[in-house]
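Written out below as structure tokens is the structure these notes cover.
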Amino acid sequence: SQQGEEDPQALSIQEGENATMNCSYKTSINNLQWYRQNSGRGLVHLILIRSNEREKHSGRLRVTLDTSKKSSSLLITASRAADTASYFCATAYNFNKFYFGSGTKLNVKP
Amino acid sequence: NAGVTQTPKFRVLKTGQSMTLLCAQDMNHEYMYWYRQDPGMGLRLIHYSVGEGTTAKGEVPDGYNVSRLKKQNFLLGLESAAPSQTSVYFCASSAPGELFFGEGSRLTVL
């Protein structure tokens, strides 16, 4: 399978804490993206990092990419109850095919 | 903006019945995709299309057919539904670097 794998499968934290989730993949990629899915809804794009980038920020999100280890991490700082959702990494092996991992389910307790 | 619209949102079928899921996008995207999401499995790519009149197989194409007769529409067909096809189906279209998802179609095959 070309899917990425997220770790941990589930994460429960208190509001205000930081949440870190990781993604590992198997083969060379063009880019890696993170998506969020609220319960019962479709996925929403959060951030993209290209294979020649090492770190990227967007608001409270920080994404890192280590191509030598074939891994990425998503950090959500100062989490809020509204961040409760499942988070997925998606790897792009060419520019129009995307493969998803099984996701990290984040619960932020108020 | 409607974005990506899937119909129907819910459907219950008996084994052996056929049905078609319709996906429509109003963003003039060339690429469109069908994924299925099962608990603990993440999203798996069924079929995709890189433009009007084209289709290609993804990771799990068996038991499904697709058509892209118009640029804005991507149809997913089940010719003879099986209980293993009980899932939530997501359609997506893509701009460079980002997938846009519909809200999903929940299919149950009895």
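The values are calculated or read from the model by the stated rules, or taken from the named source; none is laboratory data. These figures come from a predicted structure and were not determined experimentally. Neighbour counts run over all protein chains shown; Cβ positions are idealised from the backbone, glycine included. In case anyone asks, the SASA skips ligands and DNA or RNA and just uses the protein heavy atoms, side chains included. Shrake-Rupley method; radii C 1.70, N 1.55, O 1.52, S 1.80 Å.
Here A:THR20 passes the criteria (1) buried (at least 21 other Cβ atoms within 10 Å of the Cβ); (2) within 13 Å of the chain's Cα centre (by Cα); (3) away from chain B (no Cβ under 11 Å) except the one numbered (1). Residues in the range B:67-103 that are open to solvent by less than 50 Å² (accessible area, probe 1.4 Å) and within 16 Å of A:HIS45 (Cβ to Cβ): B:PHE90, B:CYS91, B:ALA92, B:SER93, B:SER94, B:ALA95, B:GLY97, B:LEU99, B:PHE101, B:GLY102. For B:LEU99, the stated conditions hold: it is in contact (Cβ under 8 Å) with a residue 12 or more places away in the chain, within 9 Å of chain A (Cβ to nearest Cβ) and either under 24 Å from A:ASN38 (Cα atoms) or part of a strand (DSSP E or B) (or both). Would you mind stating whether B:GLY104 is over 21 Å from A:TYR93 (Cβ atoms) and within 14 Å of chain A (Cβ to nearest Cβ)? Considered against the rule, which asks whether it is over 21 Å from A:TYR93 (Cβ atoms) and within 14 Å of chain A (Cβ to nearest Cβ), B:GLY104 comes out as yes.
Among the β-branched types (Val, Ile, Thr), more than 30 Å from B:PRO61 (Cβ to Cβ) and free of Cβ contacts under 8 Å to residues at least 40 places away in the same chain, is that true of A:VAL108? Show your work before the answer.
On the way: among the β-branched types (Val, Ile, Thr): yes; more than 30 Å from B:PRO61 (Cβ to Cβ): yes; free of Cβ contacts under 8 Å to residues at least 40 places away in the same chain: no.
Criteria not met by A:VAL108.
Considering the range A:72-86, and only residues there that are open to solvent by 40 Å² or more (accessible area, probe 1.4 Å) and under 14 Å from the mean Cα position of the chain (by Cα), the residue that is nearest to A:ARG36 (Cα to Cα) turns out to be A:THR84. What's the number of the only condition in (1) within 10 Å of another protein chain (Cβ to nearest Cβ); (2) over 26 Å from A:TYR25 (Cβ atoms) that B:SER84 fails to meet? Every condition holds for B:SER84 apart from (1). Against the numbered list (1) free of Cβ contacts under 8 Å to residues at least 40 places away in the same chain; (2) within 11 Å of chain B (Cβ to nearest Cβ); (3) open to solvent by 60 Å² or more (accessible area, probe 1.4 Å), A:ASN96 comes up short only at (3).
Report, by residue number, each residue of the range B:42-66 that is assigned to a strand (DSSP E or B), more than 10 Å from every other protein chain (Cβ to nearest Cβ) and buried (at least 16 other Cβ atoms within 10 Å of the Cβ). I'd like the intermediate steps shown before the answer.
At the first step, the residues of the range B:42-66 found to be assigned to a strand (DSSP E or B) are B:42-49, B:56-57, B:65-66.
Now restrict to residues that are more than 10 Å from every other protein chain (Cβ to nearest Cβ): B:46-47, B:57, B:65-66.
Selection gives B:ILE46, B:HIS47, B:VAL66.
Inside the range A:42-65, residues that are more than 28 Å from B:GLY104 (Cβ to Cβ), more than 13 Å from chain B (Cβ to nearest Cβ) and open to solvent by 50 Å² or more (accessible area, probe 1.4 Å) make up a count of 5.
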